[in-house]
Structure formats: structure tokens, C-alpha cells
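Each reported figure results from applying straightforward, stated rules to the coordinates on display, with no laboratory input. Note that the structure is a prediction, hence the values are computed from the model and not measured. All Cβ positions, even for glycine, are placed from backbone atoms using ideal geometry, and neighbour counts span all protein chains on display.
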Amino acid sequence: MKKLNDQLKTISKSLASLSKQVDKISTQVAKLDTAKKKAATKKKAPAGRAAKKVVRKTAVGKKPATVLDTVFEVIARAKKGVSIDTLKQKTNLDPRQLSNALYKLSKRAKIQSVSRGVYAKK
């Protein structure tokens with residue numbers, strides 16, 4: 001009987017030790033999760049980035065060009081069409097902004113897709 005009690009005490013101590021280790025690991029994981037969430041929110045909306053607009057120089061009395069105008073202007077200049085990579089370089093837009101602009105211009109029937117990732121003026 002004494003041997004059984006000693007074994008139970010040993011098991012109890014081992015479980016207590018394991019419990020402490022699990023608690024430490026869970027707090028470390030929680031810290032990592034919060035750090036990842038903070039990093040993800042910083043990537044999504046960096047300071048000053050959300051309010052940034054593409055403004056091109058225009059003649060006196062005209063409104064500044066919008067994102068759609070800028071993208072359409074680049075596409076209209078190319079005779080054979082423009083790839084998405086070229087549009088990213090020439091407009092300096094985020095991929096999300098560029099995708100939205102291409103979608104809106106295609107819905108307004110101003111541009112057409114020549115092939116996958118290449119757009120031309122209709």
C-alpha cells in the first residue's frame with residue numbers, strides 16, 4: 001500500500017510539473033498570436049498609407065486625376081495592351097487598388113482583357 005501511495009505522489013508531482021510547463025507554453029503562444037495580429041494590422045494599414053491617393057499633375061482648372069483615370073490613361077497609351085506588372089510600376093498602386101480599378105473599368109466597358117493579366121482599351 002505504501003508503494004502505491006509513493007507512486008501516486010510521484011505521478012502527482014510529474015503532473016504538476018507538466019501543468020506548469022503547459023501554462024508557460026500557452027502564455028508564449030498567446031504572446032506570439034498577439035504579436036502576429038499586431039504585425040498583420042500594421043501591414044494592412046501602415047501609417048499614412050490609407051489616406052494616400054495618386055495625384056497627377058493636371059492643367060490649371062482641372063480636377064486631380066483619380067485612380068481610375070490614372071489606370072485608364074496608362075492602358076489607353078498602350079496599343080497592344082498592358083500587363084499587370086507594368087501597371088503596378090507605372091501607377092505605384094497597391095495590388096488591391098489596381099485590382100479594384102481594373103474591375104471597375106471592365107464593368108464600365110472601357111477596357112477589355114486581351115489575355116490573362118493583359119488589358120487593353122476597348
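Residue pairs, Cβ under 7 Å, 6 or more apart or interchain, first in region 64-92 and outside any loop (DSSP other than H, G, I, E, B), second basic (Lys, Arg). List them.
Taking only residues 6 or more apart or on different chains, the pairs are LEU68/LYS104; THR70/ARG56; PHE72/LYS110; VAL74/LYS90; ILE75/LYS121; ALA76/LYS121.
Any residue in region 95-106 that is within 16 Å of ALA76 (Cα to Cα) sitting within a Cβ distance under 8 Å of a residue that is of a type in the set (Gly, Ala, Ser)? List the pairs, counting only those 6 or more apart or interchain.
SER106/SER113
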